[in-house]
Every structure is written in C-alpha cells, then in structure tokens.
Amino acid sequence: MAYSTLIIEEGLARLTLNRPEVHNAFDDSLIAELNEHLSQLHALAEAGDVRVVVLGSEGKSFSAGADLNWMKRMVDYDLEDNLADSRKLAALMHGLDTLPCPTVCRVQGAAFGGAVGLAACCDIVIASGKAKFCLSEVKIGLSPAVISPYVQRALGERQMRRYALTAEVMDAETALKLGLAHQVVEHEALDSAVDAMLTTLLAGSPQAQRATKALMAEVAQAPDSDDTREHTCQVIAKLRVSQEGQEGLSSFFEKRRPVWANSNNIPHASERRS
C-alpha cells in the first residue's frame with residue numbers, strides 16, 4: 001500500500017502523507033516515495049505544468065516524526081548504513097525546499113521531529129489551531145541535524161537553540177509568532193484557508209513566481225554583494241522583456257486579468273471532498 005499519494009489536477013499537485021494509522025510517521029519507504037514524487041514534481045514545475053504544490057496528510061496528525069519500527073531497525077545499523085539513511089532524508093528536505101513553484105503546507109495536527117522540517121521547507125505554512133510542533137529529537141538521544149538548516153532559517157538562530165535543546169512543544173500560536181507558521185485558523189476553516197491561499201498564488205505569473213523563488217534563495221546566500229546586485233538586475237530585466245512580463249504589464253494598463261489568471265480552474269479541497 002502506498003504510504004503517500006500524489007494527485008495532479010489542472011496544475012495543482014497535492015502531495016499527501018497517507019499513514020494515518022501511525023500518525024503519518026516517517027520510515028525509509030515513505031521517504032523513498034516522497035523523493036520519487038518530488039523528482040517528478042521538479043520536472044513538472046520547471047515545465048510550468050504544476051503551478052502550486054500542497055503538502056498535507058490524512059488523519060488527525062500531520063506527522064509524528066520517525067516511525068518506531070524504523071527506529072528499532074536503525075539500532076542495528078552501522079555508521080555507513082546510518083549515513084546512507086540520513087542522506088535520503090536530506091535529499092527529501094532539499095527536494096521540497098527547492099521545488100521551483102510555490103508550496104503550501106497544510107498542518108492539521110501534531111508535527112514532530114522531521115515533520116517540522118517538512119513544514120519549514122515549504123514556502124507557506126497554514127496551521128489549524130490544533131496543530132503542535134516539536135523538535136523532539138534530543139529526548140531520545142538524537143539531534144534535529146538534517147532538518148536544522150531549514151528550521152533554523154524559519155525560527156532564527158536564537159529560537160532554534162531553545163527549541164532544539166529543550167524539545168518543548170510549540171502550540172500553533174507560538175509557531176505563528178516565531179515564524180514557523182504563516183497563518184493559524186480554526187480547525188474547521190483549515191481547508192478554506194488553504195483554498196484561499198491557492199487562489200492568491202494562482203493570481204501571480206507562474207514564470208515570475210519561479211524566478212522570484214530562485215532569486216530569494218540566491219539573495220539569502222549573499223544579500224549585499226556585487227554579484228547579487230548584478231543578478232537582481234538580470235532577473236528583473238529578463239522578466240520585463242519576457243512573454244509573461246509583457247502580458248502582465250499590458251493587462252495592468254488595460255485593466256484586465258492576465259491570461260494565467262483567466263485559465264485558473266483548479267479544484268479546491270472543498271470541491272474534492274463534496
């Protein structure tokens with residue numbers, strides 16, 4: 001049985017963890033599946049065939065982190081086995097973080113351990129008021145090592161030190177205050193909030209969003225260098241003369257919707273579940 005599902009409809013991809021019986025816990029099989037899905041999504045997003053990816057999960061928990069049976073098997077792993085295992089998880093985080101299109105993470109409940117990394121790798125996190133986040137690794141003698149670059153980027157170094165060392169549980173409002181979540185809504189309004197964000201994202205130019213996401217990653221590496229300043233000039237100049245850039249400017253001055261907004265006919269979660 002598949003541990004995850006990937007459904008693509010009219011440019012919207014829904015990547016869903018599907019192990020509700022174990023609170024969508026990670027194991028090597030789930031990581032392998034997600035890496036395969038992300039490889040496919042990278043190609044589709046680059047081609048413009050996927051405009052937005054929604055990462056979610058079935059059941060009451062977003063993800064409980066590492067699967068207990070997987071952890072039991074890892075007890076017998078030697079150093080090389082553990083390195084190989086960790087590199088697959090690192091590939092998963094990097095693959096999600098670098099998807100060319102916008103990504104939205106739907107967090108309906110507990111997100112522990114590596115699941116915090118999944119959320120941090122997404123561009124936008126919308127959480128239910130019932131959501132809880134925890135970097136729980138130190139309680140079992142481990143470290144949030146592989147996910148640390150992404151979570152620290154979201155929380156900032158100072159807050160990361162606290163929550164990585166204490167393994168305290170953050171409620172949804174704390175996650176919002178610290179920058180891990182972007183929006184917190186009533187549990188019953190979660191799908192509506194995700195749908196509203198999809199509508200907002202789909203109003204933007206697909207090409208401009210891909211270029212902007214890549215630009216933000218570049219700027220974060222060296223925000224005030226000659227190379228970065230030149231790169232920003234190159235990006236905006238190329239967008240201005242591109243087909244979508246010209247269409248965007250023309251539609252603005254002509255007071256009409258751009259063509260990419262007119263073609264928006266993506267089924268939302270409420271429609272899929274009706």
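Using unit Cβ charges (K, R positive; D, E negative) and no other charged atoms, how large, in debye to the nearest 20, is the dipole of segment 206-261 about its Cα centre?
Details: 8 positive and 8 negative charges, 85 e Å.
My answer is approximately 400 debye.
Let me check against my output: what whole-number percent is the relative contact order of the chain, with C-alpha pairs under 8 Å and at least 6 apart?
On the way: 436 pairs, mean separation 43.6, N = 274.
16 percent.
Tell me, what is a quarter of the convex hull surface for the C-alpha atoms of the chain, in nm² with one decimal?
Values: hull surface 64.5 nm².
One quarter of the hull surface, i.e. the mean projection, equals 16.1 nm².
For the peptides 44-52, 83-91, what is the packing order when you average, over each peptide's residues, the other Cβ atoms within 10 Å and list the highest mean first? All intermediate terms of the calculation are to be shown ahead of the outcome.
Details: 44-52: 18.4, 83-91: 14.1.
Going from most to least packed, we get 44-52, 83-91.
Roughly speaking, what is the centre-to-centre gap between segment 59-74 and segment 107-129 when only Cα atoms are used, to the nearest Å?
So the two Cα centres are separated by 15 Å.
Counting each DSSP H run of 4 or more residues in the chain as -39500 (n - 2.57), what helix-only mean residue ellipticity at 222 nm follows after dividing by all residues, to the nearest 500 deg cm²/dmol?
Numbers: 13 runs with 142 residues, N = 274.
The per-residue figure over the chain is -15500 deg cm²/dmol.
How large are Rg and Dmax for segment 206-261 when only the alpha carbon atoms are used, in Å?
Calculated on Cα positions, Rg and Dmax stand at 13.3, 38 Å.
In debye, nearest 20: dipole of the chain around its Cα centre with unit charges on the Cβ of K, R (+) and D, E (-)? Could the numbers behind the result be given before it?
Numbers: 27 positive and 36 negative charges, 141 e Å.
It comes to approximately 680 debye.
For the pair PHE252 and ALA167, what calculated FRET efficiency results from E = 1/(1 + (r/R0)^6), where r is the Cβ-Cβ distance and R0 = 45 Å, to the nearest 0.05?
Details: r = 49 Å, r/R0 = 1.10.
Rounded to the nearest 0.05, the efficiency is 0.35.
Can you find, among VAL146, TYR163, ASN18, the residue farthest towards the positive end of the dipole of segment 4-200? Put +1 on the C-beta of Lys and Arg, -1 on that of Asp and Glu.
TYR163
Hey, with R₀ at 51 Å, roughly what FRET efficiency would LEU79 and GLN243 work out to, going by the Cβ-Cβ distance, to 0.05? Show your work: numbers first, answer last.
Numbers: r = 52 Å, r/R0 = 1.02.
Taking R0 as 51 Å, the efficiency between LEU79 and GLN243 is 0.50.
With axes computed from alpha carbons, what is the tilt in degrees of helix 243-253 against the longest principal axis of the chain, rounded to the nearest 10 within 0 to 90?
60 degrees
Determine the relative contact order of segment 1-118: mean sequence separation of Cα pairs under 8 Å and six or more apart, normalised by residue count, in whole percent. Don't jump to the answer; show the numbers that get you there.
Details: 190 pairs, mean separation 39.0, N = 118.
Answer for segment 1-118 is 33 percent.
Under 4.7 Å Cβ to Cβ, no partner at all: give me those cysteines from the chain, in residue order.
For the chain, the answer is CYS101, CYS121, CYS134, CYS233, because their Cβ atoms have no other cysteine Cβ under 4.7 Å.
Amide H to amide H, which residues 5 or more places from SER136 or on other chains are under 5 Å from it, using H placed in the peptide plane?
Residues meeting the criterion, in which the H sits 1.01 Å from N, are GLY113.
Placing +1 at every Lys and Arg Cβ and -1 at every Asp and Glu Cβ, with all other atoms neutral, what dipole size does segment 124-274 have around its Cα centre, in debye to the nearest 20?
Details: 18 positive and 18 negative charges, 17 e Å.
Around 80 debye, computed over segment 124-274.
At what distance in nm do the modelled label points of MET71 and ALA214 sit from each other, each positioned 7 Å from its Cα along Cα→Cβ?
My value for the distance between the label points is 4.0 nm.
At what distance in angstrom do the alpha carbon centres of segment 31-46 and segment 180-204 lie from each other?
Computed from Cα coordinates, the inter-centre distance equals 23 Å.
Which of CYS233, SER251, VAL219 sits farthest toward the positive end of the charge dipole of segment 206-261, with +1 on the Cβ of Lys and Arg and -1 on the Cβ of Asp and Glu?
Value: SER251.
Counting only protein heavy atoms and a 1.4 Å probe, tell me what percentage of segment 90-232's accessible area is made up of carbon and sulfur.
Numbers: 3560 of 6530 Å².
Exposed carbon and sulfur together represent 54 percent of the surface.
Among the lysines in the chain, how many pairs, 8 or more places apart or on different chains, have alpha carbons under 20 Å apart?
Numbers: LYS60/LYS130; LYS60/LYS132; LYS72/LYS88; LYS72/LYS139; LYS130/LYS177; LYS132/LYS177; LYS213/LYS238.
So the count of such lysine pairs works out to 7.
The values are calculated or read from the model by the stated rules, or taken from the named source; none is laboratory data. As the structure is a computational prediction, the values presented were derived from the model and not from experiment. A quick note on method: Cβ atoms are made from the backbone with ideal geometry, for glycine too, and the neighbour counts reach across all protein chains shown. Surface accessibility is based on the protein's heavy atoms, side chains included, excluding ligands, DNA and RNA. Shrake-Rupley method; radii C 1.70, N 1.55, O 1.52, S 1.80 Å.
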